[in-house]
There are 4 protein chains.
Amino acid sequence: MCRWLAYSGTPIRLEELLYKPRYSLIDQSLHSRLGVETTNGDGFGVGWYPVEGPGEPALFRGVGPAWSDGNLRELARCTLSPLFLAHIRASTGTPVQQSNCHPFRYQNWLWLHNGSIRDFARLKRDLILAVDPELYPYLNGSTDSEVMFYLALTFGLRDRPVAAIERMAGLVESVGRAYGVPNPLQMTIATTDGDRTWCVRYSSEGHSRSLYYSTEISALHKLYPENKSLLRLSDETRLIVSEPLGELEGAWQPVPESSYGVIQKGDDELGHFEPAVP
Amino acid sequence: MCRWLAYSGTPIRLEELLYKPRYSLIDQSLHSRLGVETTNGDGFGVGWYPVEGPGEPALFRGVGPAWSDGNLRELARCTLSPLFLAHIRASTGTPVQQSNCHPFRYQNWLWLHNGSIRDFARLKRDLILAVDPELYPYLNGSTDSEVMFYLALTFGLRDRPVAAIERMAGLVESVGRAYGVPNPLQMTIATTDGDRTWCVRYSSEGHSRSLYYSTEISALHKLYPENKSLLRLSDETRLIVSEPLGELEGAWQPVPESSYGVIQKGDDELGHFEPAVP
Amino acid sequence: MCRWLAYSGTPIRLEELLYKPRYSLIDQSLHSRLGVETTNGDGFGVGWYPVEGPGEPALFRGVGPAWSDGNLRELARCTLSPLFLAHIRASTGTPVQQSNCHPFRYQNWLWLHNGSIRDFARLKRDLILAVDPELYPYLNGSTDSEVMFYLALTFGLRDRPVAAIERMAGLVESVGRAYGVPNPLQMTIATTDGDRTWCVRYSSEGHSRSLYYSTEISALHKLYPENKSLLRLSDETRLIVSEPLGELEGAWQPVPESSYGVIQKGDDELGHFEPAVP
Amino acid sequence: MCRWLAYSGTPIRLEELLYKPRYSLIDQSLHSRLGVETTNGDGFGVGWYPVEGPGEPALFRGVGPAWSDGNLRELARCTLSPLFLAHIRASTGTPVQQSNCHPFRYQNWLWLHNGSIRDFARLKRDLILAVDPELYPYLNGSTDSEVMFYLALTFGLRDRPVAAIERMAGLVESVGRAYGVPNPLQMTIATTDGDRTWCVRYSSEGHSRSLYYSTEISALHKLYPENKSLLRLSDETRLIVSEPLGELEGAWQPVPESSYGVIQKGDDELGHFEPAVP
């Protein structure tokens, strides 16, 4: 089971969330508490947008354990960003290689995923065939997660994100059913165009991997009272995480089953997620 | 441009061919003489059959340069084999990752390739669709070379190897033509089931990458007069190489354009290679 | 905290102990039960002697997690050895790099270690100065464990192994005391010349990392009743492990505090270990 | 033989010099023209100071070939710096590992080197002993280059840089003579505190590796007429390189034998370099 976070708000250094909190993402990679696998040492990745504006995000991905990667530590120390996604991977079978590390990028979009498509090796060919042939050449790796991204792009992610993800989920479930695979889809995902961020918590069996959001910026202030760099965070600042960072009561709200959320300027949204056969 | 060799005959230690000769494969990875690229530092691989008999071959593949890989040196020193393939990669664009390193393995078969399918990113989807759906899940990497292998398997490699490779080449050329790609196929390949080894030299433009075979065992004796371990080589011993090892006049014969060869017990074969639309 | 094993006896495939048992070494690297660190993903190594006799052992070492290393799996499947050491590393601070992976090799000797020299960064220079200048150039990495090996070699490991290790331990403790470091040494070690294997369990505070030996070959037979390849193990076969493999009652004996053991033809030895100022 | 560059002046993106010029550093790593080794695939590194001011520089180092490192490409695209050093390594024998990649860092200082200490394995112990015991624990790798850095720090690099480097060179030569090593030192080096940059070209035999400096900013403008981002470079901007980038006549001046240079605000300096026994 992977771990991830999505940050959006006042620009901060990546290390503020990757390394500093108790139960930081790096700490979780060594000792996860809520996950299925106890170790997440099968690669990692960070995708971030520059302070200057959306544009194409930058990626840093590695195949070793995140906890011992000196380059990640340097990068996290010197990189400031208003919007970034980070992911720590525990492989569910596909090779540990950079092209399989999240987040995945297409133009100005990033995508990451925790969970799996059950029996993916059997379903893969049918799913791949549904990817827009124009997009097909951009598939670089061999994970279910990347195929899910390109299916969502195929189904209109850039125009109507939630509907596109619902069609992707609907396709996975209908192909799964055709092959007799019970409960084919398990996912929490985050995707962003550099401006808004969408997250989804869903699984075919209605028992999804955990997902939390920070209720409000005051929660973060309580989490890190001694951290002066956080005092200046705007009210728009929001954090989505697969597992809480820190132990402060009341700081984290679980994302409900079968839900999506949108992090954006102004009011955020939370709605019901329903797979739709494309 | 990659470099490779295929050895078949009396069991020898891998290092005898990977490290010891002048212009050994490792030396070539640093300073190639006949190739297009001057450096082959994008990964490597060795596949070998145990002395006890065919069975499933073992693989060792790495993503760094072969010349500085300490594990390869150890392995080559202590591994004895009657039949092995070795490959040094210069990427033509696909990622440097272990799943893209040759040789590729399927059950008791190994496959390696030097060359490329031109405009592979555009042709890939159509080629993938022609792979037997039963075999599709075994595709692990993202190279043209691996797709060629699974197409050949689809077309009967295990039963009629040369005909299957001809059909694979025919398909690549016909898909290439459909997309307006001139001269789509460039290849030298070697494939083996652990008993016999097939090699092919072919390119759509009739100007293929180099390929040589050792004319007879006496040639090897002349190459390494001081190498006592080679004195005991059987008359069946044969070496196929992308570029000659050593400089001895008369030791190496070029494989003609549009040809295949079969290394086997008894007389070897050499024949005309002709792509066939499947 | 690292994990290790030392095998000696009837030649077996490495995979029989690295992968197959419940709580195998690879399994322990993901989920250790008795250790301090819960994850051992900072590199690994195997050193083995060929079936043909002692000679120089071969090494295979990697910097990624052992559990996802495809090359280790291949090697373990096809390598047969009568004497091998294997180690899974959890770094105590020094870099994750191949030259820091155990076992270390000098000529026909191998050495591995679990534990640490406390405050090694401060003590290192004085310890290094005590290494024989003839041996100094062979130090390749930056671990305390390798320095302990070269100190033992300096103090006569090749002639009187136990006495040499006692002098190494005595030096570490006396240098530690000079710098005001409490309880400077914590170790379980194994070292072998390809014929005999020595193991030691010792710590300055008298509370050492765990170490076990297989009482007798019948214990292994009980451990793996269905494993036919183990039925042929000789009575001389012995296994030393940092943590038991499998759960069979009575199969494993703890090595007592401050003890050394010698695995050899004929009767094995067990004795008191006492650091001696060199 | 390694390749390196040192940039100082108007903040630019790293990619402007690492990737874009003809004969860029990355291009040189594949096809060097003036070097001894034809391939530089044994690791690389970049050290840069942030735009906000000196402080501690950031490091990014890798052990694979620079030309295929996706993370380096991303980093170079999104990192802006007024002062950075970059290095491509061809090992002269020490292991390919991150702790051996240049530049080396100590507090706010960076150091890189092309060349070698001849017979370093034999001389190393005596040289190490001359390193200030307070600095000794910061030695992380096993290269001659890092030992040279810590010797220079020992001899006062932070106060009188040129004199300290002269004493380092003098020590290396006197230890070399004591061991009967002819012409023990070969070096071009660059070191910086984030404000000024010092470079040295020296060898015991008076036949040093190549080193060039950009004569004036107008030279760079001529080099990249179409590169608008370079039009805004200040007159203080200066580039030191082991091998010219681009082919423009008159753009590059060789640093004379046995010389040092200082890049700083106001007039730069060029002087005679003379090893001094410490």
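Please give the charge dipole size of chain B, origin at the Cα centre, charges +1 on K and R Cβ atoms and -1 on D and E Cβ atoms. Round to the nearest 20 debye.
440 debye
For B:Asp159 and C:Thr10, what does the FRET efficiency come to when R0 = 45 Å and r is the distance between their Cβ atoms, rounded to the nearest 0.05?
For B:Asp159 and C:Thr10, the calculated efficiency is 0.60.
Which chain A residue puts its Cβ closest to the axis that rotates A onto B, and at what distance in whole Å?
Smallest Cβ distance to the axis, with its residue: A:Gln97, 2.
I'd like the mean, over residues of A:69-77, of how many other protein chain beta carbons sit within 10 Å of each residue's own Cβ.
So the per-residue partner count for this stretch is 5.
What FRET efficiency comes out for C:Arg77 versus C:Val262 if R0 is 35 angstrom and r is the Cβ-Cβ distance? Round to the nearest 0.05.
Calculated transfer efficiency: 0.70.
Find, to one decimal place in angstroms, the Kirkwood hydrodynamic radius of the protein assembly as shown, where the mean of 1/r is taken over every pair of different Cα atoms and then inverted.
Computed over the protein assembly as shown, the radius equals 31.5 Å.
What spacing in nm lies between the two simple spin-label points modelled at A:Val51 and B:Leu270, each 7 Å away from Cα in the Cβ direction?
6.8 nm
Let me spell out the model: positive unit charges on the Cβ of Lys and Arg, negative unit charges on the Cβ of Asp and Glu, origin at the Cα centre of the stretch C:62-135. What dipole size does that give, in debye rounded to 20?
The calculation lands at about 180 debye.
Any idea what the B:Val262 label distances to the other copies are, label 7 Å down the Cα→Cβ vector, nm, shortest first?
6.1, 6.5, 7.8
Let me spell out the model: positive unit charges on the Cβ of Lys and Arg, negative unit charges on the Cβ of Asp and Glu, origin at the Cα centre of the stretch B:108-163. What dipole size does that give, in debye rounded to 20?
Computed about the Cα centre, the dipole is about 120 debye.
Using only the alpha-carbon atoms, how far is helix B:120-129 inclined from the longest principal axis of chain B? Give it as 0 to 90 degrees, nearest 10.
Tilt of helix B:120-129: around 80 degrees.
Can you pick out the pairs among B:Lys124/B:Lys265; D:Lys20/D:Lys265; C:Lys20/C:Lys265; B:Lys265/C:Lys20 whose Cα atoms lie more than 30 Å from each other?
Listed pairs above 30 Å: B:Lys124/B:Lys265; B:Lys265/C:Lys20.
Put a label point 7 Å from Cα along the Cβ direction on A:His221, then list its distances to the equivalent points in the other copies in nm, shortest first.
Label point to label point, same position, other copies: 5.2, 7.3, 9.0 nm.
In nm, give the distance between the simple-model label positions of D:Asn183 and A:Leu129, each being 7 Å from the Cα along the Cα-to-Cβ direction.
Label-label distance for D:Asn183 and A:Leu129, simple model: 6.8 nm.
One decimal, nm, shortest first: give the distances between the label point of B:Gly55 and those of the same position in the other copies, each label point 7 Å from Cα along Cα→Cβ.
Spacings between copies for this position, smallest first, are 2.0, 5.7, 5.9 nm.
If you keep only loop residues by DSSP, which trypsin sites (Lys or Arg not before Pro) in the stretch D:54-135 have at most 14 other Cβ atoms within 10 Å of their Cβ?
Sparse-neighbourhood loop trypsin sites (Lys or Arg not before Pro): none present.
Could you calculate the FRET efficiency of D:Gln253 with D:His221 from 1/(1 + (r/R0)^6), where r is the beta carbon distance between them and R0 is 22 Å, rounded to 0.05?
E(calc), rounded to 0.05, equals 0.85.
Based solely on its DSSP helices, what 222 nm [θ] is calculated for chain C when runs of n ≥ 4 H residues each add -39,500 (n - 2.57) and the sum is averaged over all residues, nearest 500 deg cm²/dmol?
Calculated from helices alone, the mean residue ellipticity at 222 nm is -6500 deg cm²/dmol.
For B:Leu239, what residues show an amide H to amide H distance below 5 Å, using hydrogens built from the backbone and excluding near sequence neighbours?
Amide H neighbours of B:Leu239, under 5 Å, 5+ apart: B:Ser214.
Find the Cα radius of gyration of chain D, compare it with 2.2 N^0.38 Å by division, and give the number to two decimals.
Against the compact-globule rule of thumb, the ratio is 0.94.
Quick check on the stretch B:95-226: what does the Kirkwood estimate of hydrodynamic radius come out to from the alpha carbon pairs, in Å?
Averaging 1/r across every pair of different Cα atoms and inverting gives 15.7 Å.
Once both axes come from the Cα atoms, what is the angle between helix C:161-178 and the longest principal axis of chain C, in degrees from 0 to 90, rounded to 10?
So the inclination is approximately 40 degrees.
Pick from D:Ile12, D:Ile128, D:Ile26 the residue whose mean-square fluctuation is largest in a GNM of chain D, springs joining Cα atoms under 10 Å.
D:Ile128
Which residue, chosen from D:Trp252, D:Ala86, D:Gly271, occupies the Cα position most advanced towards the positive end of the dipole of chain D, where the dipole is computed from +1 (Lys, Arg) and -1 (Asp, Glu) charges on Cβ about the Cα centre?
Checked the options; the winner is D:Ala86.
We did not get these values from a lab; they are worked out from the coordinates using the rules stated. Source: prediction; values computed, not measured. Every residue, glycine as well, gets a Cβ built from its backbone with ideal geometry; the counts of neighbours run over all protein chains shown.
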